[in-house]
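**Q** The structure follows.
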Amino acid sequence: MSERVTDAPMFEAVIVPHRSLSRRGLAGLIVAVAGASGLTALLFFLLGAWPVAGFSGAEILLAVILIRAHARVARESEVVLLSERRLRVIHTDRKGGRREMALDPSWLRAELQERPGRVPALLLVGGRRRHEIAARLGEAEKRDLAAALAEALHAWRNPRFDNPQLREPDFRTALP
């Protein structure tokens, strides 16, 4: 009888960038910025400083472009899956394109690379290969993920086998 190895996940982490506003909230923010800047432009126009209105229009356009760029980046995600066979990292970009990387967890470790003045990088290190994951997370979230992933990799390398036949018999429950 052949031994069957399943690919069921032993550890799974879904990594998405923090998004403080919903679509509706982003639309409201754009309307508020455009309204405030438009009122300022109107006031300066009525006072005779009409060139300010043009700059205010450029300011509104720049704010809308930056807010929409932020919303597009929020569509990215990463999924880290550790199964009995391998560790997979599935990265989905903002356009919906997917890249998948499969690594052998035998010698793999999760390592935080400290960077002065910046958020540390979370690296999957195996031999000479180094892959950064969770680039969009903050420092606290990266530290939590690194600890959880290190624990999962340790559990993968050091499985606990529970054989009921090897347990000490409990005679209190066996008595009628």
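The values are calculated or read from the model by the stated rules, or taken from the named source; none is laboratory data. Remember, it's a predicted structure, so these values are computed and weren't measured experimentally. Note: ideal-geometry Cβ built from the backbone for every residue, glycine included; neighbour counts use all protein chains shown. The accessibility values were calculated without ligands, DNA or RNA, using every heavy atom of the protein model including side chains. Shrake-Rupley method; radii C 1.70, N 1.55, O 1.52, S 1.80 Å.
**Q** Quick one: if the Förster radius is 35 Å, what FRET efficiency do ARG98 and PHE55 give, using the C-beta to C-beta distance and rounding to 0.05?
**A** 0.25
**Q** Along Cα→Cβ, 7 Å out, is where each label goes; now give me the distance between the ones at ARG115 and VAL33 in nm to one decimal.
**A** 2.5 nm
**Q** So, one more: Under the 0.36 nm per residue contour assumption, what length would be gained going from the current alpha-carbon distance of HIS154 and ALA63 to full extension?
**A** 28.1 nm
**Q** What is the percent carbon and sulfur in the accessible area of the chain, measuring with a 1.4 Å probe over the protein chains and ignoring ligands?
**A** Answer for the chain: carbon and sulfur cover 58 percent of the accessible area.
**Q** Along the positive direction of the dipole of the chain (beta-carbon charges: Lys, Arg +1; Asp, Glu -1; about the Cα centre), which of GLY48, HIS18, ALA110 reaches farthest?
**A** My answer, from the dipole projection, is GLY48.
**Q** Looking at the stretch 116-175, which chymotrypsin sites (Phe, Trp or Tyr not before Pro) are in a loop (DSSP not H, G, I, E or B) and have at most 14 other Cβ atoms within 10 Å?
**A** Passing both the DSSP loop test and the Cβ count: PHE161.
**Q** DSSP loop trypsin sites (Lys or Arg not before Pro) in the stretch 65-163 with at most 10 other Cβ atoms within 10 Å of their Cβ, which ones?
**A** LYS95, ARG118, ARG128, ARG160
**Q** List the trypsin sites (Lys or Arg not before Pro) in the stretch 13-66 that DSSP assigns to loop (not H, G, I, E or B) and whose Cβ has at most 10 other Cβ atoms within 10 Å. Which are they?
**A** Sparse-neighbourhood loop trypsin sites (Lys or Arg not before Pro): none present.
**Q** Something else about it: How big is the accessible area of GLU132 in square angstrom, nearest 10, if you roll a 1.4 angstrom probe over the protein chains?
**A** 90 Å²
**Q** Another question, if that's okay. With label points built 7 Å along Cα→Cβ from the Cα atoms of SER77 and PHE44, find their separation and express it in nm.
**A** 4.3 nm
**Q** For the chain, what D do you get in µm² per second when you plug the Kirkwood radius from alpha-carbon pairs into Stokes-Einstein at 10 °C and 1.306 mPa s?
**A** Translational D for this selection: 76 µm²/s.
**Q** Now for a different question. Could you work out [θ]222 nm for the chain from helices alone, using -39500 (n - 2.57) per DSSP H run of at least four and dividing by all its residues? Round to the nearest 500 deg cm²/dmol.
**A** Estimated from H runs of four or more residues: -13500 deg cm²/dmol.
**Q** Using unit Cβ charges (K, R positive; D, E negative) and no other charged atoms, how large, in debye to the nearest 20, is the dipole of the chain about its Cα centre?
**A** Its charge dipole is roughly 480 debye.
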